[in-house]
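A quick write-up on the structure given underneath.
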Amino acid sequence: MQKSVHTKPVFRRRLSAKNWLTILLIALPIVFLLSLLIGSVNIPLKSIADIIFNPDQVKSSWVYIFRNYRLVKAIAAVLSGMALGVAGLQMQTLFRNPLADPFILGINSGASLGVALVVMGTGVLSGAFISGLTTLGDISLAVAASIGAGLVLGLILLVSRWVRNVTTLLILGLMFGYATNALVSLLIYFSRPDRVHAFMIWSYGSFGGVTWNQLRVMAPVILIGIGLVMFLPKALNVLLLGEDYAKTMGLNVKKTRFLILISSSLLAGTVTAFAGPIGFLGIAVPHIARNLLRTSDHKKLIPATLLLGAIVALVADMISQLPGSHYILPLNVVTSIFGAPFVIWVILRQRRGETSFVV
Amino acid sequence: MELCPGELICLVGPNGSGKSTLLRTITGLQKALAGEVMLHGKPIESYDNKALAKVISVVLTTPVRVGAMRAYDLVGLGRFPFTDMFDQMREEDHKVVRTALEMAGATPLAERFVHTLSDGERQKVMIARALAQEPSLLMLDEPTAFLDLPGRVSVMQLLRDLAHGHDKAILTSTHDLDLAMRIADRVWLMGRNGEFLQGAPEDLALDGSFSRVFSIGKVQFDAYTGQFQMNGMPTRQVMLKAEGLNRIWAEKALNRAGFSVGDEAEIQLEFVENTWRLSYQHKQKSFENIYDLLQTLRHVELEKAE
């Protein structure tokens, strides 16, 4: 086994981490542009400039679709991908577990509960939820989702102080997820059909449902979450060795845990509030980043997961549009179909000790 | 208890005597159950995490499992208390890392990925990481637990060299009493019922402390050899006529089989013309090697028992 590890670079020359970051930086705008072109209505590339600068000279339906649907959707995808990717990275390092992500640890379920309470609990907001919420409604949705996410994450962190075994912790996270999902089911059971329908549509996951108004809440919150992460690469690096080592190396573990908790719940909670519970992005993106860059250094991994997360989210969205057809798949279907085999691959790779953690 | 620079102290004691707890208390990982830890004349609570990390560094017993990280970068993590918020390594930091690798004998491992290292190699890298914190006090919790014999000896030697050559105070817990006695400047001995003794290894052997703390049932600490003996077997005597190395190893073999060497004994063992000759009740038998000899000796013992 050791031998194969050593001979690898001879056959496959690897790009340096810096080069990969440059490639990702170039790839993101290209994928972004591509996502603007793809959809049930065919808008040619050469009209894009006209849509932006001379809207009077092109079909008004194109301008409308571009401005109010595709552009918002692409921006929402970029923000969500970045948020989920970097939240997953933080979770994996904090729990030192390759399978940790907001989804598996039940954090998304917590966010779902928050959203369900807002959507189905209050009739006022639920009516608005279908037709587009007021700014106040958007904020309350984001807050509810973040609080739900934060509660579950806090509960897991609390338990993690006594339960050292990460597998146990993951199972507990799953159980928390089931419990909150049960509460959500209970809410659905006693709710009016139109509210239930709105909630079901939301739970399929979609960047397409995000409006400009919602983006005004979503973008700043996610940027604050990402801003918090920017202060954490050094702390995350020493946390790779475990909390005991981190403490003896001078890290304020409690404060760091709290910061990770806050930023992860803001990020995962906000995305879940507006785009629905999107699975697998949070697990997969950090692993792709680590494998491409061959590093565990969060100074490089954080920008890489941000860029890759955005790219993967855009690609997943493009696939869900089923280019050339008039159908749109739920986003969750796409991420799960590609995500599940990927996670299996991650688990099998564990045996070879090549990823950052060993279960 | 007191720790001084330039001294290698081995902390020994049976399982459950509180070695890890003591280490965790001294390193500030947990609060003292009783008493106080003073560091450079100040109580340990008065240090914040970062200040403490510049004085004490630690190698913990659980093996660190990280992938996609080079040994050099792992050692570089030791600069945590010294670098700025964004973790930029200055040339000075790189120099310390290189020195730490050199001191731990881990320079050839620098470019390897951590997950490709053997247990012994990884332990050296972890020690280098601890050294990169430039501590005056280095604490290790059973650093030799997962290592083979040469690995254990080389880690302990490394620790002794660090203590003597670089004037560090080093405290390491270990289950390897034999090695501890050969290498430690001082031994801290912890018993199950809160007993604490210290001194040169030889002092503790002479005053019977080792025997008292470590003797459990059939396993006894032998103050003559400094090793553990299996006691409780019916001991019979063999008269041994052999010289030099042959005598030493034959005696070991006899002990292992439950015999001791005595002057007046029914059973006689003699080494002549490169064969072992065993005499017992006027019967004689010759053996090519010790293995065959022991097979027969055990048989003799059985006959006697009947």
Practice problem: Would you please name the residue that is farthest from the other protein chains (Cβ to nearest Cβ), looking only at residues in the range A:284-300 that are part of a helix (DSSP H, G or I) and among the basic types (K, R)? | Solution: A:K300
Quiz item: Could you list, in sequence order, the residues of the range B:47-72 that are within 7 Å of chain A (Cβ to nearest Cβ) and within 22 Å of B:H94 (Cβ to Cβ)?
Solution: B:K50, B:A53, B:S57, B:V64, B:V66, B:A68, B:M69
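Could we say that B:L171 is more than 18 Å from B:D119 (Cα to Cα), in a strand (DSSP E or B) and at pLDDT 90 or above here? Lay out the reasoning, then the answer.
Details: more than 18 Å from B:D119 (Cα to Cα): yes; in a strand (DSSP E or B): yes; at pLDDT 90 or above: yes.
Yes: the conditions hold for B:L171.
Regarding B:E142, is this residue touching a His at 6+ places or on another chain (Cβ under 9 Å), more than 10 Å from chain A (Cβ to nearest Cβ), farther than 21 Å from A:D297 by Cα and modelled with pLDDT of 90 or more?
Details: touching a His at 6+ places or on another chain (Cβ under 9 Å): yes; more than 10 Å from chain A (Cβ to nearest Cβ): yes; farther than 21 Å from A:D297 by Cα: yes; modelled with pLDDT of 90 or more: yes.
So B:E142 fits the description; yes.
Against the definition (of a type outside the set (A, V, I, L, M) and at positive phi), how does A:G269 come out, yes or no?
On the way: of a type outside the set (A, V, I, L, M): yes; at positive phi: no.
No, not satisfied.
Which of the residues belonging to the range A:328-343 are free of Cβ contacts under 8 Å to residues at least 24 places away in the same chain and loosely packed, with under 15 Cβ neighbours inside 10 Å?
Just the residues of the range A:328-343 that are free of Cβ contacts under 8 Å to residues at least 24 places away in the same chain, to begin with: A:329, A:334, A:337, A:341.
Hits for the range A:328-343 are A:I337, A:P341.
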Quiz item: Counting just the residues of the range A:247-259 that are surrounded by fewer than 24 Cβ atoms within 10 Å (Cβ to Cβ) and not in a loop (DSSP other than H, G, I, E, B), which one comes out nearest to the other protein chains (Cβ to nearest Cβ)?
Solution: A:K247
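Matching residues to (1) surrounded by 17 or more Cβ atoms within 10 Å (Cβ to Cβ); (2) of a type in the set (V, I, T):
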residue: A:I171; (1), (2): no, yes
residue: A:F176; (1), (2): yes, no
residue: A:S185; (1), (2): no, no
residue: A:R195; (1), (2): yes, no
residue: A:G209; (1), (2): yes, no
residue: A:R216; (1), (2): no, no
residue: A:L232; (1), (2): yes, no
Quiz prompt | Residues that are in contact (Cβ under 8 Å) with a residue 24 or more places away in the chain, away from chain A (no Cβ under 11 Å) and either in a loop (DSSP other than H, G, I, E, B) or farther than 16 Å from B:M69 by Cα (or both), drawn from the range B:82-98 | solution = B:V96
Practice problem: Go through B:T21, B:T116 for me and flag whichever is polar (S, T, N, Q), within 12 Å of chain A (Cβ to nearest Cβ) and at negative phi. | Solution: B:T116
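Results for (1) crowded, with 18+ Cβ neighbours inside 10 Å; (2) β-branched (V, I, T); (3) over 22 Å from A:F231 (Cβ atoms), shown as yes or no for each residue.
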{"position": "A:S40", "(1), (2), (3)": "no, no, yes"}
{"position": "A:P44", "(1), (2), (3)": "no, no, yes"}
{"position": "A:A49", "(1), (2), (3)": "no, no, yes"}
{"position": "A:A83", "(1), (2), (3)": "yes, no, no"}
{"position": "A:V86", "(1), (2), (3)": "yes, yes, no"}
{"position": "A:T93", "(1), (2), (3)": "yes, yes, no"}
{"position": "A:I107", "(1), (2), (3)": "yes, yes, no"}
{"position": "A:G114", "(1), (2), (3)": "yes, no, yes"}
{"position": "A:V118", "(1), (2), (3)": "yes, yes, yes"}
Quiz item: Hey, among A:N42, A:N19, which residue is modelled with pLDDT of 85 or more and not hydrophobic (A, V, I, L, M, F, W, C)?
Solution: A:N19
Practice problem: Filter the helices (runs of 4 or more DSSP H) completely within the range B:18-80 down to those with at least 2 residues that are more than 30 Å from B:E111 (Cα to Cα) and under 25 Å from the mean Cα position of the chain (by Cα). | Solution: B:19-26
Quiz item: Quick one: A:P277 ticks every box in (1) part of a helix (DSSP H, G or I); (2) buried (at least 20 other Cβ atoms within 10 Å of the Cβ); (3) within 17 Å of the chain's Cα centre (by Cα) bar one, so which box is it?
Solution: (1)
Exercise. Scan the range A:27-38 residue by residue and report those that are surrounded by fewer than 17 Cβ atoms within 10 Å (Cβ to Cβ) and either touching a Pro at 6+ places or on another chain (Cβ under 9 Å) or hydroxyl-bearing (S, T, Y) (or both).
Key: A:L37
Quiz item: Can you find even one residue in the range A:261-283 that is within 14 Å of chain B (Cβ to nearest Cβ), more than 30 Å from B:L138 (Cβ to Cβ) and touching a residue at least 12 places away in the same chain (Cβ under 8 Å)?
Solution: no
Practice problem: For the range A:208-231, indicate whether the set of residues that are in contact with a Leu (Cβ under 8 Å, 6 or more places away or on another chain) and under 20 Å from B:D73 (Cα atoms) is non-empty. | Solution: yes
Practice problem: Would you check if there is a residue in the range B:126-143 being assigned by TED's automatic domain parsing to the domain that holds B:R182, of a type in the set (D, E, K, R) and at positive phi? | Solution: yes
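The values are calculated or read from the model by the stated rules, or taken from the named source; none is laboratory data. The structure presented is a predicted model; accordingly, all values stated were derived computationally and were not measured. A quick note on method: Cβ atoms are made from the backbone with ideal geometry, for glycine too, and the neighbour counts reach across all protein chains shown.
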